[in-house]
Amino acid sequence: MERKNLEKAVDIYAKLITGEEIKRGGANGTLYDDYYGNAEVYDIVGIMLKKLNLSIYEYKESLFLSAGEGNRIFGYTNEELKRYIGVRYNKELYLCYFIIYEILLAFYSDSASYQFKEYIKIENVLEEVTKALAVFTKDISVYAMDEEQQESFQSIALLWDELPTSTGEEQGEIRASRASKASFTKLTFNFLVNENLFVEVNHRYYPTERFHAIVEHYFEEYRGQIYSLLNEEKDAE
């Protein structure tokens with residue numbers, strides 16, 4: 001192993017872990033070229049990230065880093081996420097997860113079918129979440145899920161059903177809170193913006209390249225587990 005290649009690999013890791021962009025032709029463009037043009041650098045980076053339970057994704061000639069499932073150092077525990085997002089109970093956190101998944105499905109149904117859409121609004125998400133969760137409040141027993149899955153989906157469906165659509169605010173005045181469907185969705189979007197997955201402009205939420213990189217690789221690695229569960233039952237109706 002050449003020392004200079006080790007240094008390049010460590011430099012790539014250091015840039016990514018601190019949130020710097022590695023993009024062909026960008027400020028760190030030489031590192032992008034080193035990653036794909038030097039087999040030893042590529043292998044060293046891969047070994048480092050595997051040991052740290054991190055994944056590296058490429059999208060439009062840019063590199064992005066994401067924590068692997070269950071990563072306690074670079075990821076979040078449920079308790080940490082509850083504090084970060086601003087919710088108190090597990091069912092509220094699970095509802096945020098479901099809102100995120102519906103946001104994801106607004107742009108992708110799987111890795112091969114990107115739905116071209118520039119942005120999404122809170123009211124679009126409200127409609128889709130309500131539609132997706134309505135079936136769980138009608139007849140949960142038809143779902144071929146284990147007991148834990150049934151309870152999780154049913155609890156967030158009932159929580160969503162109990163929330164008012166809004167607290168009387170206009171869209172431009174929606175405040176992030178747990179008081180309504182709209183404010184819960186705003187709470188979730190705030191988290192996604194803070195994670196550099198969306199950019200908000202005039203109450204419109206635009207996905208970033210990091211969002212696309214992570215989502216496309218998510219489908220390739222996990223095959224859309226929630227999406228599959230939901231569609232299995234839709235096909236059975």
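The values are calculated or read from the model by the stated rules, or taken from the named source; none is laboratory data. The structure displayed is predicted, hence computed values, not measured ones. Note: ideal-geometry Cβ built from the backbone for every residue, glycine included; neighbour counts use all protein chains shown. Note: accessible area is taken over every heavy atom of the protein model, side chains too, but ligands, DNA and RNA are not part of it. Shrake-Rupley method; radii C 1.70, N 1.55, O 1.52, S 1.80 Å.
If the chain between residue 2 and residue 204 were fully stretched, how many nm would it gain, using 0.36 nm times the residue separation less the Cα-Cα distance?
67.9 nm
Computing the accessible area with a 1.4 Å probe over protein heavy atoms, can you report the carbon and sulfur percentage for segment 24-75?
With neighbouring chains kept in place, the figure for segment 24-75 is 49 percent.
For residue 4, go through the lysines and keep the ones whose alpha-carbon is under 22 Å away, minus same-chain ones fewer than eight residues off.
Straight-distance partners of residue 4: 15, 23, 50, 51.
For residue 33, what accessible surface area do you get with a 1.4 Å probe? Give it in Å², rounded to 10.
Here the residue's solvent-accessible area equals roughly 80 Å².
Within 10 Å, Cβ to Cβ, of residue 163, how many net charges do the neighbouring residues add up to if Lys/Arg are +1 and Asp/Glu are -1? Could the numbers behind the result be given before it?
Values: positive: 178, 181; negative: 161, 162.
Cβ neighbours under 10 Å give a net charge of 0.
If you count, for each residue, the other Cβ atoms within 10 Å and average over each peptide, how do 173-179, 203-209 line up from highest to lowest?
Working: 173-179: 14.9, 203-209: 16.7.
Sorting 173-179, 203-209 by mean packing, highest first, produces 203-209, 173-179.
Spin-label point model (7 Å from Cα, Cβ direction): what's the residue 178 to residue 161 distance in nm?
Placing both labels 7 Å along Cα→Cβ, they lie 2.0 nm apart.
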